[in-house]
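Structure record follows, encoded as C-alpha cells.
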Amino acid sequence: MSNGTNRPTTRSIKVSNLSADGASNQLSQHLTQVIGIQDVTTDPGKGTVVVTYDLMQTGLPEIEGALSKAGFPPADGLLSKMVRGWQRYTEENERAHMKHVPHCCSKPPR
C-alpha cells in the first residue's frame, strides 16, 4: 500500500478494559508490532489509546482489529462509533488524495 510517501497520523481511540498498568504495557507492546504504527501512548484514567501511524501503511480498521485481538476492543458507545466512522471516512479520502496523479501539465484549457 505504500508508495514511498510517509503520512503520519495520530488518533485517540477509546477502548474497553484498559485499567491496570500491566494492561497498558501489554497493549503498547501488541500494537507496536503492527506494521506502520510508530508510537503508542495509553491513558488508563481516560481509557484511551493514542496511536501515531503511517497512513499509507496501516489504517484505523487494522488498528481496531489489533486492539480487539489484544483483548481491548474499541468502545462500542454511539459517540465512539460515530467518531471512528468519521475517522475511517477521513482516512479513505486522505489516501485517495495522496494516490491521485494530477493530469494538468500547467497548460490552460483550450
Worksheet item: Among Gln57, Gln33, Gln38, which is of a type in the set (S, T, N, Q) and farther than 24 Å from Gly22 by Cβ?
Response: Gln57
Worksheet item: With respect to Val101, is the statement that it is over 16 Å from the mean Cα position of the chain (by Cα) and loosely packed, with under 15 Cβ neighbours inside 10 Å true?
Response: yes
Worksheet item: Where in segment 5-87 are the strands (runs of 3 or more DSSP E), entirely inside, with at least 2 residues that are at pLDDT 90 or above and loosely packed, with under 14 Cβ neighbours inside 10 Å?
Response: 8-14, 37-43
Discussion item. Could you tell me how many of the residues in segment 70-97 are under 24 Å from Arg7 (Cα atoms) and among the aromatic types (Phe, Trp, Tyr)?
Written reply: 2
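The values are calculated or read from the model by the stated rules, or taken from the named source; none is laboratory data. All values derive from a computational prediction rather than experimental measurement. Neighbour counts are summed over all protein chains in view; Cβ atoms, including those assigned to glycine, are modelled from backbone coordinates with ideal geometry.
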